[in-house]
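Engineer: Got a structure for you, questions after.
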Amino acid sequence: QVQLVESGGGLVQPGGSLRLSCAASGRTFSSYHMGWFRQAPGKEREFVGAISRSGATTAYSDSVKGRFTISRDNAKNTMYLQMNSLKPEDTAVYYCAASQNPRTAPQFYSYWGQGTQVTVSS
């Protein structure tokens with residue numbers, strides 16, 4: 001198993017940028033496909049993006065494609081979400097998660113972090 005901890009959330013103005021980090025507990029990090037999800041008040045948790053075990057491939061939701069970039073550094077057991085051109089509708093709690101399979105649906109992810117709040121507002 002793996003433990004995940006997100007960091008880097010905060011308040012940012014529309015059009016601004018923010019980088020989230022997800023730190024994993026052990027040296028098994030490279031065995032997992034990783035994903036970012038978000039959940040706004042009153043809404044279901046939704047897929048943001050995912051990255052393969054090696055980092056060679058990525059996938060994004062249509063709502064963030066072209067603005068967000070996922071990367072990972074397996075030597076540091078860390079995954080990142082670079083968020084640019086942020087919009088108020090990006091406001092949510094952001095979660096990182098780990099899966100044994102390359103999937104986008106949250107039910108395929110076995111391990112989750114505690115979440116970090118991102119607020120985009122003037």
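Engineer: In nm, to one decimal, how far is the modelled label at residue 74 from the one at residue 121, with both set 7 Å along Cα→Cβ?
Structural biologist: 4.1
Engineer: Taking the chain as a Gaussian network, where each spring joins two C-alpha atoms under 10 Å apart, which residue of 111, 94, 32 fluctuates the most?
Structural biologist: Largest GNM mean-square fluctuation: 111.
Engineer: Treating cross-link reach as a plain straight distance, find the lysines whose alpha-carbon is under 27 Å from the alpha-carbon of residue 76, omitting any fewer than eight places away in the same chain.
Structural biologist: Within the straight-line cut-off, residue 76 pairs with 65.
Engineer: If segment 73-122 were replaced by its equivalent ellipsoid, with semi-axes equal to the square roots of 5 times the Cα gyration tensor eigenvalues, what would those be, largest first, whole Å?
Structural biologist: For segment 73-122, the semi-axes come out at 23, 14, 10 Å.
Engineer: Ignoring ligands, DNA and RNA, what percent of the 1.4 Å accessible area of the chain is carbon and sulfur? Mind dumping the intermediate values first?
Structural biologist: On the way: 2880 of 6230 Å².
Heavy-atom surface of the chain belonging to carbon and sulfur, 1.4 Å probe: 46 percent.
Engineer: With each pseudo-label sitting 7 Å past Cα toward Cβ, what's the residue 44-residue 105 distance in nm, one decimal?
Structural biologist: Computed distance between label sites residue 44 and residue 105 equals 1.0 nm.
Engineer: Roll a 1.4 Å probe over the protein chains and send me the accessible area per residue for segment 8-78 in Å².
Structural biologist: For segment 8-78, the solvent-accessible area averages 53 Å² per residue.
Engineer: Now a separate question. For segment 17-75, what is the largest minus smallest coordinate of the Cα atoms on each principal axis, given in angstrom and ordered from greatest to least?
Structural biologist: The Cα atoms of segment 17-75 stretch 36, 23, 20 Å along the principal axes, largest first.
Engineer: Whose amide H sits under 5 Å from the amide H of residue 111, counting only residues 5 or more places off or on another chain, with H placed in the peptide plane?
Structural biologist: Residues meeting the amide H criterion: 98.
Engineer: Provide, in order from the shortest bin, the percent of all Cα-Cα pairs of segment 1-104 in each 10 Å bin, continuing until the bin that contains the maximum pair distance.
Structural biologist: 16, 51, 29, 5
Engineer: Let me ask another. Using a Gaussian network model on the chain with a 10 Å cutoff between Cα atoms, which of 108, 47, 68 fluctuates the most?
Structural biologist: Among 108, 47, 68, the largest GNM mean-square fluctuation belongs to 108.
The values are calculated or read from the model by the stated rules, or taken from the named source; none is laboratory data. Since we're looking at a predicted model, the values are computed, not measured. FYI the Cβ positions are ideal-geometry reconstructions off the backbone, even for glycines, and counts take in every protein chain you see. What goes into the accessible areas is simple: the full protein's heavy atoms, side chains included, and nothing from ligands, DNA or RNA. Shrake-Rupley method; radii C 1.70, N 1.55, O 1.52, S 1.80 Å.
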